[in-house]
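A.B. asks: First the structure, then my questions, so here it is.
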Amino acid sequence: MRALAWHGKHDVRVDTVDDPEIVNQRDCIIKVTATAICGSDLHLYDGYIPTMQAGDILGHEFMGEVVEVGSKSTLKKGQKVVVPFTIACGTCYHCGKHQYSACDNGLPADNQDIAQEIYGQPMSGLFGYSHMTGGYAGGQAEYVRVPFSDVGPIVIPDGVDDEKVLFLSDILPTGWMAAENAQIEPGDTVAVWGCGPVGLFAVQSAFLMGAERVIAIDHFPHRLELAKKFGAETINYEESAVYEALMVMTGGIGPDAVIDSVGLEAHGFFVDNVVDQIKASTFLGTDRTHSIRQAIIACRKGGRVSMPAVYGGFVDKFPLGAFMEKGLTLKTGQTHVQHYMPALLNAIMEGKIDTTFLISHRMDLEDAPKGYDMFKNNQNEVTKVVLKPGFN
Ligand SMILES: NC(=O)c1ccc[n+]([C@@H]2O[C@H](COP(=O)([O-])OP(=O)(O)OC[C@H]3O[C@@H](n4cnc5c(N)ncnc54)[C@H](O)[C@@H]3O)[C@@H](O)[C@H]2O)c1
Ligand SMILES: [Zn+2]
Ligand SMILES: [Zn+2]
C-alpha cells in the first residue's frame with residue numbers, strides 16, 4: 001500500500017510499504033477514506049518529538065471503511081468508522097474512569113520503558129506519533145491496523161459525509177475537552193491562545209458551554225476572522241500587547257478562564273520566546289512555553305487554566321509564583337477521545353457544531369508532502385488539510 005512516512009526533519013515521503021495485518025483478536029483493518037494533518041504532526045515534522053525512526057508512518061486523524069476484523073472485534077466489514085487517536089484498552093483502571101489517554105495497556109511492552117522513564121508512568125498509545133507512544137503505524141495511508149477496535153472506533157450512520165465527522169478523531173473532542181477543563185460558568189469571559197483547529201473548536205465549545213465572551217488571540221488574520229465568525233472578539237498579538245489588551249477588555253480583572261491551544265512551538269519575538277528558541281536549538285531545553293506563561297499571568301485571580309496544547313519535556317521560567325499566589329487551577333492532558341465521541345457525533349448530526357468550515361485544502365494522499373509544507377509555511381490560509389487516497 002501507499003503511506004506517508006517520516007524520514008527526518010522536514011522530510012516526509014509517500015512510500016510503498018507492506019499492507020497492515022491483524023495481529024490481535026481485537027484488531028480491525030480499515031481502508032482509509034479521509035485523514036487530516038494536525039498541528040501535532042508539525043511537531044514531528046519539525047523534529048521536536050524524540051524516538052521517531054525513518055520510515056514511521058504518520059497520521060492520527062483518520063476514518064474509513066472496515067475491511068477486516070479480528071475474532072473479538074465488535075465491528076463488521078463495510079461499516080464506516082472514525083478512529084480516536086488515543087489507543088486504549090477500555091478495561092484498565094484508567095479506562096474504567098474514562099481517562100482513555102492514560103490507559104495502562106495502550107503501549108506494547110517494549111515501548112513502555114521510555115514513557116515510564118520520562119513521565120513516571122506509561123501513557124496510552126497514539127497512532128503515528130513516535131516510538132515513545134507505541135510506534136504504531138498511523139492513518140495517513142491507504143490502510144491501517146486499529147488495535148482495541150471493540151473500544152475505540154465509532155460507527156458512523158450511512159450517508160454522512162466524511163468531512164462532517166472526520167474531526168471526531170482528535171481536534172473536535174480536544175477543543176471540547178479544552179473548554180470543559182476551563183470549567184466555564186455562564187457569563188464567563190474566556191481567552192483562547194491560538195486560532196488553529198484546536199483553538200477554533202475551543203471557541204465554539206466555550207460558547208456552547210455558556211461563556212458570555214470569548215477572546216481569541218493569534219497573529220494570522222484569516223484564522224482570527226474564523227474565530228470572529230463564531231462570535232469571538234480577537235487580539236492580534238503583532239498589533240497589540242496581549243496582557244494590556246486583555247486587562248482593558250475585562251475592566252482590569254482578567255479572563256475567568258484561559259485556554260492555551262498553542263503548544264511547544266509558540267511564535268513571536270518575545271524575550272522569553274527567543275530565549276526558549278535558543279535553548280531548544282542548542283539542546284539546553286525542549287519546549288517553547290510563551291503562551292502558557294502569558295495565559296497564567298493574564299488569568300484573573302482564582303481563575304482556571306486549561307492547556308490542551310502539547311508540551312513534551314522540562315521547562316523553566318514557569319510562573320509558578322503567579323500560579324500559586326493567584327490561586328489558579330490547571331487542567332490538561334491528551335484528549336480522552338473515546339469518552340467524548342458519542343455526544344459530539346450527536347451534536348454534529350443535530351447541527352449544533354460546525355466542523356467543515358475548517359477545511360481549507362483537500363488533496364490526494366500522494367500529495368501529502370506538499371500538504372505538510374503548506375500547513376507549516378502558510379498557516380494563515382491553510383487551516384486544515386484533508387488527505388483522501390485516490391482524490392483527484
Ligand atoms: N491535548 C491533545 O490531545 C491535543 C490534540 C490535538 C492537538 N493538540 C495540540 O494543540 C495545539 C494546537 O493544535 P492545532 O492543530 O490547532 O495547531 P496549529 O499549529 O494549527 O495552531 C496553533 C496556532 O497558535 C498560534 N500561535 C503561535 N504562537 C502564538 C502566540 N505566541 N500567541 C497566540 N497564538 C499563537 C499560531 O499562529 C497557530 O494559529 C498543538 O500544540 C497540538 O499539538 C493537543
Ligand atoms: Zn491531531
Ligand atoms: Zn486501558
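A.B. asks: Once you charge only the Cβ atoms, +1 for Lys and Arg and -1 for Asp and Glu, what is the size of the charge dipole of the chain about its Cα centre, to the nearest 20 debye?
C.D. replies: 580
A.B. asks: Moving on. Given 25 °C and 0.890 mPa s, compute D for the range 1-73 with the Stokes-Einstein relation, Rh being the Kirkwood radius over Cα pairs; round to the nearest whole µm²/s.
C.D. replies: D, rounded to a whole number, is 180 µm²/s.
A.B. asks: Of all accessible surface on the chain at a 1.4 Å probe, what whole percent is carbon and sulfur?
C.D. replies: C and S atoms contribute 52 percent here.
A.B. asks: Taking 0.36 nm per residue of sequence separation and subtracting the Cα-Cα distance, how much length would be gained by fully extending the chain between LEU330 and MET247, in nm to one decimal?
C.D. replies: Here the segment from LEU330 to MET247 would lengthen by 27.8 nm.
A.B. asks: Among the listed pairs LYS352/LYS388; LYS228/LYS326; LYS164/LYS352, which are separated by more than 18 Å between their Cα atoms?
C.D. replies: Violating the 18 Å Cα-Cα cut-off are LYS352/LYS388; LYS228/LYS326.
A.B. asks: Roughly how many Å² of GLU244 are accessible to a 1.4 Å probe, to the nearest 10?
C.D. replies: So the heavy atoms of GLU244 present about 100 Å² to solvent.
A.B. asks: Pull up all non-local amide H partners of TYR136: gap of 5 or more, or a different chain, and H-to-H distance under 5 Å with H placed in the peptide plane.
C.D. replies: Sorted by chain and number, the residues that satisfy this are LEU126, GLY128, TYR129.
A.B. asks: Also: Which part of the range 231-253 falls in the paramagnetic zone of ALA322, meaning amide N under 18 Å from the point 7 Å along Cα-to-beta-carbon?
C.D. replies: 235-238, 240-253
A.B. asks: Oh, and also: What ranking do 304-311, 135-142, 224-231 get when scored by the average of other Cβ atoms within 10 Å per residue, highest first?
C.D. replies: 135-142, 304-311, 224-231
A.B. asks: Related question: Considering the dipole of the range 307-392 built from charges on the beta carbon (Lys and Arg +1, Asp and Glu -1) around the Cα centre, which of PRO319, VAL337, ALA368 is farthest to its positive end?
C.D. replies: Selected residue: PRO319.
A.B. asks: For a protection proxy built on the mean count of beta-carbon atoms within 10 angstrom, sort 5-12, 92-99, 319-326, 334-341 highest first, please.
C.D. replies: Order by mean packing, descending: 334-341, 5-12, 92-99, 319-326.
A.B. asks: Taking the range 305-378 on its own, what percent of its Cα-Cα pair distances exceed 20 Å?
C.D. replies: 64
A.B. asks: Name the aspartates and glutamates eligible as straight-distance cross-link partners of LYS229: C-alpha to C-alpha under 14 Å, and not fewer than 8 places from it in the same chain.
C.D. replies: ASP354
A.B. asks: Can you work out ³J(HN,Hα) from phi for every residue in the range 181-193, in order, using Karplus 6.51 cos²θ - 1.76 cosθ + 1.60 and θ = phi - 60°, giving whole Hz and x for Gly and Pro?
C.D. replies: Using θ = phi - 60°, the values come out as 5, 7, 6, 5, 10, x, x, 5, 9, 10, 9, 10, 8 Hz.
A.B. asks: If you don't mind, there's one more thing I want to ask. Express the Stokes-Einstein translational diffusion coefficient of the range 235-392 in µm² s⁻¹, to the nearest whole number, given a Kirkwood radius over alpha-carbon pairs, 10 °C and a viscosity of 1.306 mPa s.
C.D. replies: In µm²/s, the coefficient rounds to 86.
A.B. asks: Another question about this same structure. How much of the DSSP bridge set in the chain is antiparallel, in percent, rounded to the nearest 5?
C.D. replies: 55
A.B. asks: Find the accessible area per residue for the range 49-184; the probe is 1.4 Å, ligands and nucleic acids are left out, and the unit is Å².
C.D. replies: Per-residue accessible area for the range 49-184 comes out at 38 Å².
A.B. asks: What aspartates and glutamates does LYS331 reach when the alpha-carbon gap must be under 16 Å and sequence neighbours fewer than 8 apart in one chain are set aside?
C.D. replies: LYS331 reaches GLU180, GLU185, ASP256, ASP260.
The values are calculated or read from the model by the stated rules, or taken from the named source; none is laboratory data. Model, not experiment: these values are computed from the prediction. Every residue, glycine as well, gets a Cβ built from its backbone with ideal geometry; the counts of neighbours run over all protein chains shown. Heads up: the accessible areas ignore ligands, DNA and RNA and are worked out on the full protein's heavy atoms, side chains in. Shrake-Rupley method; radii C 1.70, N 1.55, O 1.52, S 1.80 Å.
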